[in-house]
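Read the structure below first, then the notes.
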Amino acid sequence: MSDKKLLNNFCQELNMGSFLAYYQSLTKFVINNPEEFNDEVRSAWGLEELISIDPRKYLVDQPDLCLKMEAKRLSGKHKSIDTLAMSIRDTLWDRVTIYSGKDCPITPENELRFIKIVYENNSDRILLECSECGWTEDIQGNQYQGPIGKVFPVTIDEVENTYDNIRGSIDKRKK
């Protein structure tokens, strides 16, 4: 499919009826265009993880986006499949991001978001990440330097469980 036709289809297929419908239409568009959004593109832009989750478990109540502005923003000129994939990835992340309330130490105007890193052995860890500069730290505030894995959004339950576990560990040390 030509880039022009792909972009035309993209704009026509977007469902802006609700945040859930919007998320689902973006993921459906990626899934329905495997020639353009092949494994290499999905992997390079972190789309595989975002299209594999159940958005009903991850959608946040107050996303950092406005549906009225999204159609205009996404219908802009995309120079390549990579710029379109990046735009879709950023939009999907905006819809499922839970922010920590903590500023990034590198770019203080940006708030750190919660992420879940899943390692090759399927274990996982909740971390904080700056979406702008890539700074990553653990929940205690220590810079995280690895190991690396696949990055997923987190659910509010995962965030609460992480903090409950930290509080439990602190309470045990106090006794």
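The values are calculated or read from the model by the stated rules, or taken from the named source; none is laboratory data. Just so it is clear, the structure is predicted and the values come from calculations on it, not from any experiment. Here the Cβ is made from the backbone with ideal geometry for all residues, glycine too, and neighbour counts use every protein chain on show.
Suppose we filter Gly141, Gly146 for residues that are closer than 20 Å to Ser43 by Cα and in a loop (DSSP other than H, G, I, E, B); which single one remains?
Gly146
Restricted to the stretch 45-59, and to residues that are closer than 17 Å to Ile98 by Cα and not basic (Lys, Arg), which residue is nearest to the chain's Cα centre (by Cα)?
Checking each candidate, the answer is Leu50.
Mind listing whichever residues of the stretch 60-109 are farther than 24 Å from Ile31 by Cβ and modelled with pLDDT of 85 or more?
Hits for the stretch 60-109 are Ile98, Tyr99, Ser100, Gly101, Lys102, Asp103, Cys104, Pro105, Ile106, Thr107, Pro108, Glu109.
Being assigned to a loop (DSSP other than H, G, I, E, B) and among the acidic types (Asp, Glu) is the filter here, so list the residues in the stretch 90-109 that pass it.
Glu109
Identify the residue in the stretch 110-134 that is outside any strand (DSSP E or B) and either in the same structural domain as Ser87 (by TED's automatic domain parsing) or within 17 Å of Gly46 (Cβ to Cβ) (or both) and, among all such residues, is nearest to the chain's Cα centre (by Cα). Give the derivation first.
Kept after step one, since they are outside any strand (DSSP E or B), are these residues of the stretch 110-134: 110, 119-123, 130-134.
From what is left, the residues that are either in the same structural domain as Ser87 (by TED's automatic domain parsing) or within 17 Å of Gly46 (Cβ to Cβ) (or both) are 119-120, 130-134.
On the way: Tyr119: 17, Glu120: 19, Cys130: 12, Ser131: 9, Glu132: 12, Cys133: 15, Gly134: 13 Å.
In this case the residue turns out to be Ser131.
Is there any pair linking a residue in the stretch 39-59 that is under 14 Å from Thr91 (Cβ atoms) to one that is among the aromatic types (Phe, Trp, Tyr) and part of a helix (DSSP H, G or I), with Cβ under 8 Å and at least six apart or on different chains, and which?
So the pair list comes out as Leu50/Trp93; Pro55/Tyr23; Leu59/Phe19; Leu59/Tyr23.
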